Amino acid sequence: MRTKYRHPDPADPSGFVVLADFVPHIIQEIRYHSTYNFIGERIDGYEEPVALLSIEAARALKAVGNELFVQGYRLKVFDAYRPVSTVRQFILWGIEDMDIRMKPYFYPDLEKQELFAKGYIAKQSSHSRGSAIDLTLLDMKTGKEVDMGSPFDLFSEVSHPDYRGVTQEQYENRMLLQHVMVRNGFLPLDCEWWHFVLKDEPYPDTYFTFPVSAFSLRG
């Protein structure tokens with residue numbers, strides 16, 4: 001097992017991999033590289049629509065992907081490693097920016113300032129430590145995302161994993177994803193069914209700054 005480095009250089013991507021190289025069946029829809037996200041524009045630090053993850057988290061996710069693949073599912077990834085510059089943009093948007101154009105789609109029942117208090121946006125994100133991931137399941141029979149009862153990044157009580165206002169099927173779909181992720185070493189978040197972080201993460205105290213791009217790992 002590789003030694004944990006509690007304080008590596010935040011600009012050093014050497015402990016990271018391109019997730020698709022480790023988990024060949026994944027589908028990627030990196031939302032923060034697009035304009036379809038809660039801010040409504042491409043986010044700072046996302047130079048390519050690619051998921052990066054620590055080697056340890058990628059290995060664990062490969063086991064998740066293999067287990068679900070034999071059950072007829074593929075993993076669909078929305079976000080993985082997220083640089084500090086992204087989190088800074090989220091904070092400034094929440095505090096200073098008056099733009100609420102994406103409110104009907106992502107936080108219809110909340111004011112922007114509530115997103116911090118309720119835990120949907122953090123001033124330091126576990127994603128920046130390199131071992132957190134946002135994902136869902138894709139049904140290989142239908143070619144569609146599994147119905148989880150709410151879309152990715154809907155900041156609402158409906159998105160809490162244990163919310164019982166969804167249908168039984170939607171709840172069971174959430175639990176399928178959660179149980180397989182937990183069984184393979186990930187921890188869930190109590191307010192987002194899609195978010196997981198590796199329990200034994202290799203960089204628990206480091207928030208990385210390099211951009212999201214495959215090129216950054218080749219340097």
*Out-of-range pairs (alpha-carbon distance over 23 Å; input K62/K141; K123/K144; K103/K199)*: K123/K144; K103/K199
*Tell me, what is the FRET efficiency for Q124 and N66 to the nearest 0.05, using R0 = 30 angstrom and their Cβ-Cβ distance as r?*
0.40
_Positive-end residue of P202, I43, G119, charge dipole of the stretch 16-218 with Cβ unit charges_ = P202
*asked:* Within 10 Å of each candidate Cβ there may be at most 14 other Cβ atoms; applying that plus a DSSP loop requirement, which trypsin sites (Lys or Arg not before Pro) in the stretch 105-153 survive?
replied: K118, K123, K141
_Only Lys, Arg (+1) and Asp, Glu (-1) charged, at Cβ; the stretch 2-158 dipole about Cα centre in debye_ = 480
*Report relative contact order for the stretch 1-128 in percent, whole number only (criteria: Cα-Cα under 8 Å, sequence separation at least 6).*
28
_Chain lengthening between E41 and E169 when straightened (0.36 nm per residue, less Cα-Cα)_ = 42.8 nm
_Volume per residue that the Cα convex hull of the chain spans, once the total is divided by residue count, Å³_ = 118
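Every number in this text was worked out from the coordinates using simple rules, so none of it is lab data. Every value quoted in this text rests on a predicted model; they were computed, and no experiment measured them. As a convention, Cβ positions derive from the backbone with ideal geometry for all residues, glycine included, and neighbour counts pool all protein chains shown.
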